[in-house]
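Notes follow the structure.
The values are calculated or read from the model by the stated rules, or taken from the named source; none is laboratory data. All values derive from a computational prediction rather than experimental measurement. Using ideal geometry, Cβ is built from the backbone for each residue, glycine included, and neighbour counts are taken over all protein chains shown.
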Amino acid sequence: MIRIAIDGPSGAGKSTAAKAAAKRLGIDYIDTGAMYRALGYKMKMNGVEPVEDEKLARLLEDTDIDFRAGDIYLDGEIVNDKIRTPEMSMAASACSALASVRKKLVKLQQAMAGRKSVVMDGRDIGTVVLPDAELKYFITASPEERAMRRFKELKAKGQDVSYDKILSEIIERDHNDTTRDVTPLRQADDAVLLDTTEMTAEEVVNRICTDACKMI
Ligand code: DC
């Protein structure tokens, strides 16, 4: 069994690398950012504000999030595209700062990993969710490079977006994610740092798979 934890800021290429590495290794991929996005989306749809503790507690009790065949399900509905908008990025960032939300999702993520091989990516995987993961990486890149990647990705999906707006949102989210009181984003002491500003996606996947193969 091998559990690979991948953390880092938004748009650093974590998901692309994690998904490709999982496929090559023939193991499951769990995108925990998608889980925070799904919950942020549900809070928005239901008009629940982060400060409304009781409403939020009821909503959390009443929420089912699952991954099947690479799709993210929110209460039985596939929400892959609905959660990938700049608005939902901000909603996810806001809801991920809430202790009750993190408690519920961390528990769910630990149960999903169970006792099987997985590649899991997020912000607290190596530090909190899977602290005894066999391999840990902290993947990062400059904010400008990350903004350009996100800009191209959203453009390719036909969304009308501005590079400057994406860059300022990335800087704002980095600030939120690294300074929040509850589990701020940080590199685990035993994680390998991969700065992908000058690395191709292929090089990142090769590095992870080479390390993993030595352990299997
Ligand atoms: O990776 P992403 O951009 O899809 O993540 C969306 C938001 O959720 C982001 O602001 C950080 C947060 N997040 C988190 O706090 N912990 C995780 N394990 C995954 C994501």
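Listing for the model above:
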{"quantity": "Residue match in segment 1-14 (condition: in a helix (DSSP H, G or I) and within 13 Å of the ligand (Cβ to nearest atom))", "calculated": "yes"}
{"quantity": "Number of positions in segment 197-215 that are in a helix (DSSP H, G or I), in contact with a helix residue (DSSP H, G or I) (Cβ under 9 Å, 6 or more places away or on another chain) and among the β-branched types (Val, Ile, Thr)", "calculated": "3"}
{"quantity": "Count of residues meeting criterion [β-branched (Val, Ile, Thr), within 17 Å of Asp31 (Cβ to Cβ) and in a strand (DSSP E or B)] in segment 103-145", "calculated": "3"}
{"quantity": "Members of segment 162-208 that are at pLDDT 95 or above and crowded, with 19+ Cβ neighbours inside 10 Å", "calculated": "Ala188, Ala191, Leu194, Val204, Val205, Ile208"}
{"quantity": "Residue among Ile30, Ile72 that is in contact with a Lys or Arg (Cβ under 9 Å, 6 or more places away or on another chain), within 15 Å of the ligand (Cβ to nearest atom) and within 24 Å of Ile170 (Cβ to Cβ)", "calculated": "Ile72"}
{"quantity": "Residues within segment 82-135 that are among the small types (Gly, Ala, Ser), more than 13 Å from the chain's Cα centre (by Cα) and within 13 Å of Leu39 (Cβ to Cβ), tallied", "calculated": "4"}
{"quantity": "Any hit, segment 64-74, residues being in contact (Cβ under 8 Å) with a residue 12 or more places away in the chain, out of contact with any Phe, Trp or Tyr (no Cβ under 8 Å at 6 or more places or on another chain) and of a type outside the set (A, V, I, L, M)", "calculated": "no"}
{"quantity": "Test result for Gly33, within 13 Å of the chain's Cα centre (by Cα), among the small types (Gly, Ala, Ser) and within 30 Å of Thr210 (Cα to Cα)", "calculated": "yes"}
{"quantity": "Filtered residues of segment 20-36 (kept if free of Cβ contacts under 8 Å to residues at least 40 places away in the same chain and either in a helix (DSSP H, G or I) or buried (at least 22 other Cβ atoms within 10 Å of the Cβ) (or both))", "calculated": "Lys23"}
{"quantity": "Residue that is surrounded by the fewest Cβ atoms within 10 Å (Cβ to Cβ) [pool: residues in segment 53-75 that are assigned to a loop (DSSP other than H, G, I, E, B) and either aliphatic (A, V, I, L, M) or at pLDDT 95 or above (or both)]", "calculated": "Ala69"}
{"quantity": "Qualifying residues in segment 103-128 (those that are farther than 21 Å from Ala20 by Cβ and aliphatic (A, V, I, L, M)) - the one farthest from the ligand (Cβ to nearest atom)", "calculated": "Ala111"}
{"quantity": "Verdict on Tyr41 being over 13 Å from the mean Cα position of the chain (by Cα) and not in a strand (DSSP E or B)", "calculated": "yes"}
{"quantity": "The lone exception for Ser100 - which of (1) in a helix (DSSP H, G or I); (2) within 12 Å of the ligand (Cβ to nearest atom); (3) among the small types (Gly, Ala, Ser) it fails", "calculated": "(2)"}
{"quantity": "Extreme residue, modelled with the highest pLDDT, among residues of segment 80-89 that are closer than 17 Å to Asn176 by Cβ and touching a helix residue (DSSP H, G or I) at 6+ places or on another chain (Cβ under 7 Å)", "calculated": "Met88"}
